[in-house]
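Computed from the coordinates by the stated procedures, all read-outs in this text should not be read as laboratory data. The structure displayed is predicted, hence computed values, not measured ones. Using ideal geometry, Cβ is built from the backbone for each residue, glycine included, and neighbour counts are taken over all protein chains shown.
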Amino acid sequence: MSLKYLTWDEWAGPRCKEFKIESPTWKDVKDSILRMNANEYTMICLVAVSGKELVIGGGGNQFVTTVSLGESHHLTGYNDDLTPGLVELTVGGQTGAYDHCMIWDAERILKCACIFWENNTLDSSIKWV
């Protein structure tokens, strides 16, 4: 399987541009994630041919991820092994407080994105709630 497209944001103060690549390669996806800095580049969306969407927000080494499986069915990656608490993170140009248990490092988020890119499925090692 493959992705239909990849989108990402680019912020300059209060203004945002959105970019899109049709049928992205793994390099396109990986580069987009590694470019994220929770400032200018704060969110990407991987859209599968099936319509499923994997959204990754944040940057540096702090990311959140959620998946849309339909109009009203959304799941968020959650890590029970982490101590609860709040982390301030900018996603989609908006800064908010996220539960520490929702934060993933770059290595883990790259694995999650690769699985979605390859198979249009979720990383089964992540708890989705």
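Below, the figures for the structure above:
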| read-out | value |
| --- | --- |
| All positions within region 90-129 that are outside any loop (DSSP other than H, G, I, E, B), touching a Ser or Thr at 6+ places or on another chain (Cβ under 7 Å) and over 18 Å from Val67 (Cβ atoms) | Thr90, His100 |
| Pairs where the first residue, in region 110-127, is of a type in the set (Gly, Ala, Ser) and the second is surrounded by 19 or more Cβ atoms within 10 Å (Cβ to Cβ) and part of a helix (DSSP H, G or I), C-beta under 9 Å, 6+ apart | Ala113/Val29; Ala113/Ser32; Ala113/Ile33; Ser125/Cys112 |
| Given (1) free of Cβ contacts under 8 Å to residues at least 24 places away in the same chain; (2) assigned to a strand (DSSP E or B), number of the condition Val64 does not satisfy | (1) |
| Residue in region 59-75 that is surrounded by the fewest Cβ atoms within 10 Å (Cβ to Cβ), counting only those that are within 17 Å of Thr42 (Cα to Cα) and hydroxyl-bearing (Ser, Thr, Tyr) | Thr66 |
| Search result, residues across region 1-33 that are of a type in the set (Lys, Arg), surrounded by 13 or more Cβ atoms within 10 Å (Cβ to Cβ) and free of Cβ contacts under 8 Å to residues at least 60 places away in the same chain | Lys4 |
| Condition met for Thr83 (within 19 Å of Asn39 (Cα to Cα), free of Cβ contacts under 8 Å to residues at least 40 places away in the same chain and hydroxyl-bearing (Ser, Thr, Tyr)) | no |
| Candidate set: region 29-58, residues that are within 12 Å of the chain's Cα centre (by Cα) and part of a loop (DSSP other than H, G, I, E, B); chosen: the one farthest from Tyr78 (Cα to Cα) | Tyr41 |
